[in-house]
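Each remark here refers to the structure printed beneath this line.
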Amino acid sequence: MRFLTRSLTGLFLLALTLGLLAAAGYAISAALAARAAKGPGPGMARERVFAANVLALDFRQITPELTAYGEVRAARRLELRAAAAGTVAELAPEFAEGAQVAAGTLLVRLDPAEARAARDSAAATVSEAEAALALARRTVEIAGDDLAAVVRQAELRGLALERQRAIDARGIGRAVDTEAAELAQSAADQAVLSKRSALSSAEAARDQAETALARARIALSEAERRLAETEIRAEFAGQLANVSAVRGGLVSTNEMLGELIDPRALEVAFRVSNAQFARLTDAAGVLIPADVRVRLDLQGRALELPARLVRVGAETGEGLAGRLLFAQVDPGAAGLRPGDFVTVHLSEPPLENVAEVPAAAVGGDGKVLLLGPEDRLVEAPVEILRRQGDAVIIRAAGLAPGQEIVAERTPLLGAGLKLRPMRPGAPTGG
């Protein structure tokens with residue numbers, strides 16, 4: 001009996017619980033249906049506020065910097081070539097790739113036997129020519145003395161003839177004596193002519209001897225030059241490159257044995273556009289001597305050297321555009337080698353009343369977003385003068401120093417939107 005009572009009580013409580021759950025579900029369903037039938041109620045719409053970094057404009061004098069890429073070249077390079085064929089008899093200990101040599105150092109000596117023999121033979125020929133010239137000069141001197149003697153004899157014969165004619169004029173002379181005097185005068189005149197001819201021949205022989213001596217000396221000079229060409233010396237202090245000569249090797253005429261490069265005479269060749277070149281010239285179109293910084297990256301370590309803009313290339317080059325410029329590296333700088341690929345930073349003429357801003361601050365239409373009253377954005381046009389990597393140099397006539405612009409424009413930002421400015425150094429908390 002007690003078990004039946006408890007069972008009935010449990011069933012009653014279960015039925016009551018299910019009834020209450022059904023009533024609650026019905027009430028919730030009815031409330032949802034009523035809300036759906038009633039529709040959404042009126043609400044308060046809030047304006048969306050965007051956050052962006054802003055920066056203040058600072059108009060001042062800025063010196064733009066042009067960046068280009070170029071190659072280091074040797075302004076002073078000498079090819080070491082053999083002037084004559086021969087055998088390499090001697091090489092300097094410094095004659096090696098990359099070795100530093102002083103001016104006048106003997107680098108290569110070819111076998112000088114043949115050149116020395118030719119020089120000695122030419123010297124002997126010069127001695128013979130000098131002896132022949134000395135003999136010819138003595139002959140001229142003797143011929144001159146002979147001529148003077150016969151001239152003196154002719155003068156005496158003339159005086160004797162005049163005396164004989166004076167005697168004949170007084171009527172006391174003889175015709176035979178007069179005729180003998182005239183014949184003697186004629187013989188003396190003939191002797192003078194003969195001696196003059198001998199003197200002329202002696203002088204001609206002397207002139208020929210002088211010419212032969214000059215030719216012999218020229219031949220000796222040529223032989224000495226050829227002997228000197230067997231030695232190849234460093235004309236200036238520098239470093240050796242492309243060395244190919246070996247001791248005992250045979251070389252031909254004009255064969256290149258190496259190169260001598262002056263490491264203190266280096267220049268950088270780099271190309272700029274026509275617009276950039278126009279900014280590097282004065283009103284007369286002459287290239288300005290601008291300062292240049294040459295930068296070479298060495299596995300994370302940068303080598304930066306000063307240079308000076310010196311000249312512009314004579315021609316553009318086939319298939320190329322712009323202008324080829326040359327900058328002379330400071331002679332006191334060290335570390336560069338011909339063939340290095342370097343970055344060139346060139347200072348342009350300064351610009352007045354301009355500001356440098358991030359490139360992302362200027363839109364494709366050449367406008368910036370200005371932070372206006374109540375932190376609302378206003379578009380303002382600017383003039384882009386230069387691009388400096390991730391920054392641009394602008395000029396804006398309608399903007400004042402200290403006005404703030406959006407540092408990084410995004411497609412979400414536009415004129416009229418309200419902005420929550422984020423200034424450098426300001427706290428970022430809400």
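The values are calculated or read from the model by the stated rules, or taken from the named source; none is laboratory data. Since the structure is predicted, the reported quantities are computational estimates derived from the model, not experimental observations. All Cβ positions, even for glycine, are placed from backbone atoms using ideal geometry, and neighbour counts span all protein chains on display.
Numerical summary
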item: Residues that are within 19 Å of ARG423 (Cβ to Cβ) and either of a type in the set (Lys, Arg) or in contact (Cβ under 8 Å) with a residue 40 or more places away in the chain (or both), drawn from the range 370-388; result: LEU371, GLU374, ASP375, ARG376, LEU377
item: Hits in the range 54-64 - residues which are exposed (fewer than 15 other Cβ atoms within 10 Å of the Cβ) and in a strand (DSSP E or B); result: ALA56, ARG60, GLN61
item: Qualifying positions in the range 250-290 - among the acidic types (Asp, Glu) and modelled with pLDDT of 85 or more; result: GLU255, GLU259, ASP262, GLU267
item: Output for the range 326-371, where each listed residue is crowded, with 16+ Cβ neighbours inside 10 Å, farther than 27 Å from THR281 by Cα and either among the hydrophobic types (A, V, I, L, M, F, W, C) or modelled with pLDDT under 85 (or both); result: LEU336, ALA361, VAL362, VAL368, LEU369, LEU370, LEU371
item: Test: ALA191 is free of Cβ contacts under 8 Å to residues at least 24 places away in the same chain and farther than 25 Å from ALA74 by Cβ; result: no
item: Sole exception among (1) touching a Phe, Trp or Tyr at 6+ places or on another chain (Cβ under 9 Å); (2) over 30 Å from GLY86 (Cβ atoms) for LEU303, by number; result: (1)
item: GLU97 out of contact with any helix residue (DSSP H, G or I) (no Cβ under 6 Å at 6 or more places or on another chain), loosely packed, with under 13 Cβ neighbours inside 10 Å and over 30 Å from ALA180 (Cα atoms); result: yes
item: Considering residues of the range 244-283 that are surrounded by 18 or more Cβ atoms within 10 Å (Cβ to Cβ) and within 23 Å of ALA89 (Cα to Cα) only, the residue farthest from the chain's Cα centre (by Cα); result: VAL251
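Every residue, every condition in (1) of a type outside the set (Phe, Trp, Tyr); (2) assigned to a strand (DSSP E or B), yes or no:
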| site | (1), (2) |
| --- | --- |
| PHE236 | no, no |
| GLN239 | yes, yes |
| GLY248 | yes, no |
| ASN254 | yes, no |
| ARG293 | yes, yes |
| PRO306 | yes, yes |
| GLY317 | yes, no |
| PHE326 | no, yes |
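Per-residue answers, yes or no, for (1) in contact with a helix residue (DSSP H, G or I) (Cβ under 8 Å, 6 or more places away or on another chain); (2) of a type outside the set (A, V, I, L, M); (3) more than 14 Å from LEU66 (Cα to Cα):
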position	(1), (2), (3)
GLN239	no, yes, yes
ARG247	no, yes, yes
LEU260	no, no, yes
PRO263	no, yes, yes
VAL268	no, no, yes
ARG271	no, yes, no
GLN276	no, yes, no
